[in-house]
Amino acid sequence: MKISQKGLYALQAMMTLARRHDQGAIKIRDIAAESDLPEKFLELILLELKNARIVDSVRGARGGYQLRRDPAEIPLSDIIRLVDGPLAPMGDAEQLRGLIAKDADHRALYEVFLAVRDAAAKILEHTTIADIVGGGKGKKAAVVKSAAPGKKKLHGA
């Protein structure tokens, strides 16, 4: 999985909207300034998020953009899939399962890719925008611990 610059910008904009969730609509220029993002590129990203019904736009002098749902209800996976496509290192999970079934010579390789996809998806699906702006209730920590069973965390890592 690779997250593009556009994907990072989308996540940063969503974090800004989450931090100011209780303030109503936020103007694009304010989101851009607070997130240190290029305003023109941000307009395209916000339009894409609006079309996906993740954010709402409000017209008028007090207009701008706001989250459509509570930040705790928006997993990172929704944003990444929208902007950058599947979470799998190659293709999507169904495509990988098909390759595992069809290609016996490379089955083990595809199984590793599927395991990587599943671990990444589990973390991203259980980590919300609220979690990364500090408003979450510890879900992220629990998911990260369970993502690598049997592995000990190194001190200072």
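Only the coordinates and a few stated rules stand behind these numbers; no lab work does. All of these numbers come straight from a predicted model, not from anything done at the bench. All Cβ positions, glycine included, derive from the backbone under ideal geometry; neighbour counts span all protein chains shown.
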Provide the packing ranking of 110-117, 37-44, 124-131, 25-32, i.e. peptides ordered by the mean count of other C-beta atoms within 10 Å per residue, highest first. 124-131, 25-32, 110-117, 37-44
How much net charge surrounds Val58 when only the other residues with a Cβ under 14 Å from the Cβ of Val58 are counted, with Lys and Arg +1 and Asp and Glu -1? +4
What FRET efficiency comes out for the pair Glu73/Ala101, r = Cβ-Cβ distance, R0 = 30 Å, nearest 0.05? 0.30
Percent RCO, i.e. relative contact order, over region 5-147, from Cα pairs under 8 Å lying at least 6 residues apart: 24 percent
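In terms of the Cα gyration tensor, with a ≥ b ≥ c the square roots of its eigenvalues, is region 5-147 rounded because a/c is under 1.5, prolate because a/b exceeds b/c, or oblate? Provide the component values of the computation, followed by the final result.
Values: a/c = 3.07, a/b = 1.97, b/c = 1.56.
Here region 5-147 falls in the prolate category.
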Just to check I understand the Karplus step: with θ = phi - 60° and J = 6.51 cos²θ - 1.76 cosθ + 1.60, what whole-Hz values come out for region 97-106, glycine and proline as x? 4, x, 5, 4, 6, 8, 10, 4, 5, 10
Rank by packing, highest mean first: peptides 57-63, 17-23, with packing defined as the count of other Cβ atoms within 10 Å averaged across residues. 17-23, 57-63
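Less than 13 Å Cβ to Cβ from Glu34, Lys/Arg counted +1 and Asp/Glu -1: what total charge do the surrounding residues give?
+1
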